[in-house]
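Comments concern the structure below.
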Amino acid sequence: MLTERVEELRQLRGRVQAGPSEKATRTQHAKGKLTVRERIALLLDEDSFHEVEPLRRHRASGFGLEQRKPHTDGVVTGWGTVHGRTVFVYAHDFRIFGGALGEAHAEKIHKVMDLAIAAGAPLVSLNDGAGARIQEGVTALAGYGGIFTRNTRASGVIPQISVMLGPCAGGAAYSPALTDFVFMVRETSQMFITGPDVVRAVTGEQVSQDGLGGADVHAELSGVCHFAYDDEQTCLEEVRYLLSLLPQNNRETPPAQSTGDPADRRCAELLDLVPEDGNRAYDMRAVLEAVVDEGEYLEVHERWATNVIVALARLDGQVVGLVANQPQSLAGVLDINASEKAARFVQMCDAFNIPLVTLLDVPGFLPGVDQEHGGIIRHGAKLLYAYCNATVPRVQVILRKAYGGAYIVMDSRSVGTDLSYAWPANEIAVMGAEGAAGVIFRRRIAEAEDPEAMRQKLVKEYKAELMHPYYAAERGLVDDVIDPADTRRVLIRSLRMLRTKHAALPVRKHGNPPQ
């Protein structure tokens with residue numbers, strides 16, 4: 001008798017895993033999208049998925065729901081492994097109610113989120129849903145509230161990754177916004193609060209779904225999306241790579257991994273890579289490639305606020321967070337978007353015990369009416385707050401220019417970096433020599449017989465007196481001036497020493513960072 005029951009169960013599970021119908025699966029594939037279980041199979045290690053509540057059904061009635069009670073209720077939840085480490089996952093099944101969230105659907109997500117927090121393991125959501133299930137009314141909305149609460153509770157405790165593989169509209173979009181990283185797939189995923197029809201009705205603007213909230217829009221313009229890819233397979237493979245660089249939770253450090261790249265390797269190419277002339281641009285990515293293990297790093301927000309680079313990489317096999325000005329974009333200045341981008345990354349690294357390496361070549365904050373009216377003071381303060389609040393090991397390297405408030409904000413000694421190094425061509429000052437001389441010696445220049453000759457003379461004097469490479473080192477604001485080719489070796493030695501760093505913040509409920 002029990003054997004018959006087991007066989008009945010096996011058949012039921014087979015039907016549940018197959019999905020609602022072959023027609024629904026063909027429709028999903030015709031849209032260029034994988035099914036929910038195909039996605040989970042790509043994300044997790046082979047045969048590692050353990051499903052939770054696969055036989056769950058909704059209890060709602062009315063509006064035809066009592067005739068449609070499919071198992072899973074449109075969301076698959078459970079856990080598995082990625083590179084052998086536990087990861088929790090929930091994934092919408094668009095073939096069932098369009099992946100819309102109802103009461104039972106939400107309770108399944110709440111369950112797996114609670115398990116992830118309790119177990120101290122990352123949570124990945126594979127989003128492909130039509131928002132709240134209208135037929136269930138306010139109970140569906142309450143379900144979202146429970147998700148948002150858990151997103152917030154898990155913030156800085158376990159890594160949370162949102163993978164957008166279909167539509168995500170209205171209040172549903174706030175859950176991904178509360179997580180640490182957002183991945184999107186071009187053409188098939190969109191995120192917006194109000195859709196094109198509402199926008200057209202209210203404002204008269206004509207816009208497509210992709211034009212309003214597609215992957216490229218959020219990767220380049222809004223900054224909502226951290227990573228955008230052309231297909232789901234590549235996207236999910238990159239999620240696996242990101243997970244390999246993150247710890248399981250805030251009580252652990254990221255997994256070390258031997259890369260075979262010698263710790264004492266010299267980077268002779270750096271001697272010719274960065275021009276001594278501060279007005280000449282270069283690609284900071286080439287510096288990162290020369291310094292990190294095997295030249296490999298994962299850039300976050302690659303296409304948004306391109307005047308600053310943030311990335312995860314390894315040095316001596318240990319994961320580090322890199323923050324670097326990009327002279328190829330806006331000369332590497334800090335502006336509103338760059339400040340926000342770097343601040344959020346610094347906070348993420350600090351939350352998950354990832355040491356920070358900051359590479360400076362910054363001429364200051366971007367001047368302009370738009371920047372001032374947009375709140376550059378408030379947004380720049382976010383980056384300052386993030387660094388001042390960080391307790392992980394922090395090392396600063398000044399490659400070339402480091403001017404004004406931007407120098408202070410980019411993890412200077414005065415805001416708590418553990419070690420600060422500078423290359424021999426560094427210029428640390430309130431502003432560039434030309435601007436400084438024009439302010440200090442304005443009257444002398446104006447009264448001179450040859451104002452231009454006098455200006456050039458005074459600029460040279462100012463540089464020689466206050467901007468020579470050893471000025472900051474002589475005053476203890478730089479720990480050492482180093483050979484650029486030794487940058488990798490110096491960073492690795494410094495981070496090895498700082499690995500046991502312990503720093504505590506004052507007891508408080510939480511800070512009140514600038515918004």
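The values are calculated or read from the model by the stated rules, or taken from the named source; none is laboratory data. Since this is a predicted model, take the numbers as computed values, not measurements. Quick reminder, even Gly has a Cβ in these numbers, built from the backbone with ideal geometry, and neighbours come from all protein chains shown.
Side notes on the structure shown:
- Inter-residue pairs, beta-carbon under 7 Å, first outside the structural domain of ASP486 (by TED's automatic domain parsing) and at negative phi and in the stretch 258-272, second assigned to a loop (DSSP other than H, G, I, E, B) and modelled with pLDDT of 95 or more, 6+ apart: SER258/GLY317; THR259/GLY317; ALA263/ASP316
- The set of residues in the stretch 172-209 being within 28 Å of GLU237 (Cα to Cα) and in a helix (DSSP H, G or I) consists of ALA172, ALA173, TYR174, SER175, PRO176, ALA177, LEU178, GLN209.
- Some residue of the stretch 351-364 being closer than 16 Å to ALA305 by Cα and either in the same structural domain as ILE161 (by TED's automatic domain parsing) or surrounded by fewer than 22 Cβ atoms within 10 Å (Cβ to Cβ) (or both): yes
- So VAL198, is it closer than 26 Å to HIS29 by Cα, β-branched (Val, Ile, Thr) and assigned by TED's automatic domain parsing to the domain that holds SER125: no
- Qualifying residue in the stretch 388-400 (condition: buried (at least 23 other Cβ atoms within 10 Å of the Cβ) and under 18 Å from the mean Cα position of the chain (by Cα)): yes
- Strands (runs of 3 or more DSSP E) enclosed by the stretch 263-373 - at least 1 residues per element that are touching a helix residue (DSSP H, G or I) at 6+ places or on another chain (Cβ under 6 Å), under 16 Å from VAL395 (Cα atoms) and at pLDDT 95 or above: 308-315, 318-325, 356-362
- Looking across the stretch 110-137, the residues that are at pLDDT 95 or above and farther than 22 Å from GLU232 by Cα come down to HIS110, LYS111, VAL112, MET113, ASP114, LEU115, ALA116, ILE117, ALA118, ALA119, GLY120, ALA121.
- Flag if ARG280 is closer than 22 Å to LEU334 by Cα and more than 21 Å from the chain's Cα centre (by Cα): yes
- Selected residue (only one of ALA121, ALA130, ALA142, ALA177 is touching a residue at least 60 places away in the same chain (Cβ under 8 Å), surrounded by fewer than 24 Cβ atoms within 10 Å (Cβ to Cβ) and among the hydrophobic types (A, V, I, L, M, F, W, C)): ALA121
- Here PRO513, PRO484, PRO506 are screened, and the one residue that is within 25 Å of the chain's Cα centre (by Cα) and outside the structural domain of ARG153 (by TED's automatic domain parsing) is PRO513.
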